[in-house]
Ligand SMILES: [Zn+2]
Ligand SMILES: [Zn+2]
């Protein structure tokens with residue numbers, strides 16, 4: 001079994017620290033990937049600290065992964081040794097249910113296999129994430145990276161967050177048909193929000209960035225916002241009443257949905273992609289009297305994730321990142337809690 005080293009949490013209250021383990025024995029359709037970069041997602045912090053109650057320790061977090069393929073099984077056709085591969089939030093699924101057949105493996109009726117902290121479907125070992133030196137994955141669940149996005153180390157590091165923050169915002173914007181003529185609101189300007197903003201702008205929509213701090217205004221305009229609205233400014237919010245075709249709420253800190261749902265048009269939708277620890281209380285009248293929808297969206301399936309990466313290649317889209325060394329991860333978690341990052345930390349795994 002391939003030996004791996006990484007950084008693991010041993011309990012919900014211990015900082016991440018060096019940890020050695022083994023990966024599953026590679027299967028004929030598996031590739032072994034030597035990891036180069038891994039993004040630091042807010043979920044990693046929630047999971048490491050057991051804030052959703054489903055943690056398994058020791059836990060190696062990380063599900064925004066890019067690396068170099070170092071070996072391929074006898075049945076592998078999509079990759080060869082030396083290729084760049086990308087791995088996201090899901091690394092397996094039942095492959096036979098209606099959702100898997102449709103390429104919506106994230107909604108697998110038998111439960112997708114997450115990149116870390118769940119039993120592997122083949123050998124039952126607990127999956128370990130991308131804060132590590134390598135990964136073993138079935139090629140079906142790995143993605144290719146457009147050559148232009150792998151041209152430099154800096155670009156490739158900015159690809160890593162596309163695997164969660166990117167697809168999590170790309171998928172709902174596509175599903176709700178955002179494009180030229182749409183007026184779209186983005187709530188939250190963090191790892192997810194800044195990608196939602198980039199995609200909505202790239203799709204040709206009129207994009208309004210909501211923020212709780214006008215300090216981010218210049219950045220939001222640079223990232224593609226047509227307008228920036230301070231969500232605590234009631235008059236500024238009222239000026240947008242009944243005008244949005246779609247609102248993507250990426251905020252994971254507890255917040256009221258009502259100021260935003262009041263801005264939806266008739267038959268419009270608001271989708272949530274942040275996972276607050278406390279369920280929101282919702283003013284249903286904002287939905288009833290507009291026949292509006294409150295919805296959610298979970299990452300994207302394998303085909304759509306590849307489509308998103310290809311789109312990013314065609315349009316030169318990557319995440320805005322700050323590269324850190326592996327030992328800085330605990331400090332990075334603390335800074336992430338203070339929203340002190342523009343807009344995603346990415347670990348350079350050569351520093352392991
Ligand atoms: Zn994530
Ligand atoms: Zn399935």
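When the range 292-307 is filtered for residues that are buried (at least 17 other Cβ atoms within 10 Å of the Cβ) and in contact with a strand residue (DSSP E or B) (Cβ under 9 Å, 6 or more places away or on another chain), the ones remaining, listed by number, are 292, 294, 297, 299, 301, 302, 305, 306. Taking the conditions (1) in a loop (DSSP other than H, G, I, E, B); (2) out of contact with any helix residue (DSSP H, G or I) (no Cβ under 9 Å at 6 or more places or on another chain); (3) under 16 Å from residue 8 (Cβ atoms) in turn, residue 81 satisfies each one other than (3). Filtering the range 258-286 to residues that are out of contact with any strand residue (DSSP E or B) (no Cβ under 7 Å at 6 or more places or on another chain) and in a strand (DSSP E or B) leaves 266, 267. Residue check: residue 91 meets all listed conditions (1) within 14 Å of ligand 2 (Cβ to nearest atom); (2) more than 24 Å from residue 352 (Cα to Cα) but one, namely (2). Based on this model, can you work out whether residue 148 counts as under 23 Å from residue 345 (Cα atoms), surrounded by fewer than 22 Cβ atoms within 10 Å (Cβ to Cβ) and in contact (Cβ under 8 Å) with a residue 12 or more places away in the chain? The answer is yes for residue 148.
Would you confirm whether any residue within the range 99-108 is assigned to a helix (DSSP H, G or I) and away from ligand 2 (no atom under 15 Å from the Cβ)? No, the range 99-108 contains no residue that is assigned to a helix (DSSP H, G or I) and away from ligand 2 (no atom under 15 Å from the Cβ).
Checking the structure you have, find out if any residue of the range 65-81 is over 16 Å from residue 298 (Cβ atoms), within 16 Å of ligand 2 (Cβ to nearest atom) and at pLDDT 95 or above. Show your work before the answer.
First, pick out the residues of the range 65-81 that are over 16 Å from residue 298 (Cβ atoms): 65-81.
Imposing the further condition that a residue be within 16 Å of ligand 2 (Cβ to nearest atom) reduces the set to none.
Among the residues of the range 65-81, not one is over 16 Å from residue 298 (Cβ atoms), within 16 Å of ligand 2 (Cβ to nearest atom) and at pLDDT 95 or above, which makes the answer no.
Got at least one residue in the range 47-56 being modelled with pLDDT of 95 or more, farther than 19 Å from residue 273 by Cβ and buried (at least 20 other Cβ atoms within 10 Å of the Cβ)? Yes, the range 47-56 contains a residue that is modelled with pLDDT of 95 or more, farther than 19 Å from residue 273 by Cβ and buried (at least 20 other Cβ atoms within 10 Å of the Cβ).
The set of residues in the range 229-254 being free of Cβ contacts under 8 Å to residues at least 60 places away in the same chain and assigned to a loop (DSSP other than H, G, I, E, B) consists of 231, 232, 233, 239, 240, 241, 242, 253, 254.
For the range 132-167, what are the residues that are farther than 25 Å from residue 76 by Cα and within 15 Å of ligand 1 (Cβ to nearest atom)? Answer for the range 132-167, where residues must be farther than 25 Å from residue 76 by Cα and within 15 Å of ligand 1 (Cβ to nearest atom): 161, 165, 166. With respect to the conditions (1) touching a residue at least 40 places away in the same chain (Cβ under 8 Å); (2) away from ligand 1 (no atom under 16 Å from the Cβ); (3) under 30 Å from residue 240 (Cβ atoms); (4) crowded, with 24+ Cβ neighbours inside 10 Å, residue 170 lacks only one, and its number is (2).
Being surrounded by fewer than 22 Cβ atoms within 10 Å (Cβ to Cβ) and in a helix (DSSP H, G or I) holds for only one residue in 197, 156, and it is 156. Of all the numbered requirements in (1) more than 14 Å from the chain's Cα centre (by Cα); (2) at pLDDT 95 or above; (3) under 25 Å from residue 173 (Cβ atoms), residue 320 misses one, and that requirement is (1). For the range 106-114, indicate whether the set of residues that are buried (at least 16 other Cβ atoms within 10 Å of the Cβ), touching a residue at least 24 places away in the same chain (Cβ under 8 Å) and within 18 Å of residue 348 (Cα to Cα) is non-empty. No, there is no match, as no residue in the range 106-114 is buried (at least 16 other Cβ atoms within 10 Å of the Cβ), touching a residue at least 24 places away in the same chain (Cβ under 8 Å) and within 18 Å of residue 348 (Cα to Cα).
Of the residues making up the range 79-115, those that are within 16 Å of ligand 1 (Cβ to nearest atom) and closer than 14 Å to residue 163 by Cα are 86, 87, 88, 89, 90, 91, 106, 114, 115.
Take residue 331 and tell me if it is without any contact (Cβ under 8 Å) to a residue 12 or more places away in the chain and not in a loop (DSSP other than H, G, I, E, B). Before you say what the answer is, go through the steps one by one.
Values: without any contact (Cβ under 8 Å) to a residue 12 or more places away in the chain: yes; not in a loop (DSSP other than H, G, I, E, B): yes.
Spelling it out, residue 331 is indeed without any contact (Cβ under 8 Å) to a residue 12 or more places away in the chain and not in a loop (DSSP other than H, G, I, E, B).
The values are calculated or read from the model by the stated rules, or taken from the named source; none is laboratory data. Since the model is a prediction, treat every value here as computed from it, not as a measurement. Heads up, the Cβs are rebuilt from the backbone with ideal geometry, glycines too, and the neighbour counts pull from every protein chain shown.
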